[in-house]
1. Name the single residue, out of those in region 99-120 being acidic (Asp, Glu) and either modelled with pLDDT of 90 or more or crowded, with 24+ Cβ neighbours inside 10 Å (or both), that is farthest from residue 38 (Cα to Cα).
2. Look at residue 305 and say whether it is within 20 Å of residue 255 (Cβ to Cβ) and among the aliphatic types (A, V, I, L, M).
3. Please work out if residue 170 is more than 16 Å from residue 269 (Cα to Cα) and at pLDDT 80 or above.
4. In region 161-172, how many residues are assigned to a loop (DSSP other than H, G, I, E, B) and either more than 19 Å from residue 273 (Cβ to Cβ) or not polar (S, T, N, Q) (or both)?
5. Report yes if residue 123 is surrounded by fewer than 14 Cβ atoms within 10 Å (Cβ to Cβ) and either modelled with pLDDT under 90 or of a type in the set (Asp, Glu) (or both), otherwise no.
6. Check off (1) modelled with pLDDT of 65 or more; (2) farther than 24 Å from residue 132 by Cβ; (3) in a helix (DSSP H, G or I) for residue 21 and give me the number that stays unchecked.
7. Can you find a residue in region 147-160 that is part of a helix (DSSP H, G or I), over 19 Å from residue 69 (Cβ atoms) and polar (S, T, N, Q)?
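The values are calculated or read from the model by the stated rules, or taken from the named source; none is laboratory data. None of these values were measured; they are calculated from a predicted model. Ideal geometry is used to build each Cβ from the backbone, glycine not excepted, and the neighbour counts take in all protein chains shown.
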Amino acid sequence: MCTCQDNSSTIGLLHYYDCSFYHDPALETFILDLDGHGTICASIAAASRVNLKCLEGIEVVTNTIICGANPLASIASYKVFGIKNNLEGELFMEVDSEELLDAIQRSVNDNVGVISISLSAKLTKETSTSYLEDRVNHGTFGAFRENIISCVSAGNDYLSSSLATWVITVGSCNYGGRFYTTIQLGNGRRLKNIVFLNQNNSGFITDYINAIWDPIHLYGDYWIMSGTSAATPVVAGMVSYIRSIHPKWEPGRIKSAIVTTGLVYDLTWDDCRRYLLGRERDKSKLRELRENLEGLVISGENLNLPSFSLVLGEKKTFHRVLTNLGSREEPTI
């Protein structure tokens, strides 16, 4: 999990897992990334400009300089993924839900501006009937109250439980990209600008490419990663950039501005609280958290969101409040 903070040169690292199974004292409390996932996500959000020299000389590449979505932002990283041993001695990745919640709450206390979470949990019976049963939803609900916006990955292979109104849930599509490189055949012949499009194409050249295909390390020391984990920090970087220009905007306004542009649908933390009051299990969770249980309940269809749900044949009136943030000097409602 990484967070972006504007106008700060401080970079913080905090980890929640030990790595004692490596049998190496130097790694038992190793704070850095051991598999690259977190580093890539942080780089996508706020990496400095770098020149990918491995792409130089390829005719179709016009710019080899890349950077994160907001290279001016700083990163505070909270390492919640850990590798554990099961009873059979096999290694597996694990995130402890309580430590994940603590990391989110810690980032709020650290006064970050944006939270980016590139992990997701499967929707279960419990989380399908209560948003706050999910630790990501629980933690980010508190972050929303402190005017901190959270971006959460939607998951790649299943429906995520982190679909709360107060977060930006980020999906992704196929990368659809073209990877250009130069290959040298066994007879010394060099083929320039070979396009890696599909591992399943037929023909001699593509058969050769398939034999050496390694999409992760396609360009030597540089990794290629796709999926919702990679998509989430793109949006987080975008959000941090918007916050630097409009520091007084609330999270609901920023989320709507990204989705709708121009006309925005403001949504407050209290709107979300009153919505949760209408959900029995979430109201019980609010009671456990000693939150205010007073106020009129807002139904899901009346939340001020740019979405509507209507069964064909029904007649229904939806009420929304839109704010124009276009060319006028003052917003108009």
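1. Step one: of region 99-120, the residues acidic (Asp, Glu) are 99, 102, 110.
Cutting the leftovers down to either modelled with pLDDT of 90 or more or crowded, with 24+ Cβ neighbours inside 10 Å (or both) gives us 102, 110.
Numbers: 102: 18, 110: 19 Å.
Here the residue is 110.
2. Details: within 20 Å of residue 255 (Cβ to Cβ): yes; among the aliphatic types (A, V, I, L, M): yes.
When the stated conditions are applied, residue 305 passes them.
3. Details: more than 16 Å from residue 269 (Cα to Cα): yes; at pLDDT 80 or above: yes.
Considered against the rule, which asks whether it is more than 16 Å from residue 269 (Cα to Cα) and at pLDDT 80 or above, residue 170 comes out as yes.
4. Step one: filter region 161-172 for residues assigned to a loop (DSSP other than H, G, I, E, B), giving 161-166, 171-172.
Still in the list and also either more than 19 Å from residue 273 (Cβ to Cβ) or not polar (S, T, N, Q) (or both): 161, 163-164, 166, 171-172.
Count: 6.
5. Details: surrounded by fewer than 14 Cβ atoms within 10 Å (Cβ to Cβ): no; either modelled with pLDDT under 90 or of a type in the set (Asp, Glu) (or both): yes.
No: the conditions fail for residue 123.
6. All conditions are met except number (1).
7. Looking only at region 147-160, we keep the residues that are part of a helix (DSSP H, G or I), and these are none.
No, region 147-160 has no match at all.
This table checks each residue for (1) at pLDDT 90 or above; (2) over 22 Å from residue 228 (Cβ atoms); (3) surrounded by fewer than 14 Cβ atoms within 10 Å (Cβ to Cβ).
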| position | (1), (2), (3) |
| --- | --- |
| 4 | no, no, no |
| 12 | no, yes, no |
| 28 | no, yes, yes |
| 36 | no, no, yes |
| 46 | yes, no, no |
| 54 | no, yes, no |
| 66 | no, no, no |
| 91 | no, yes, yes |
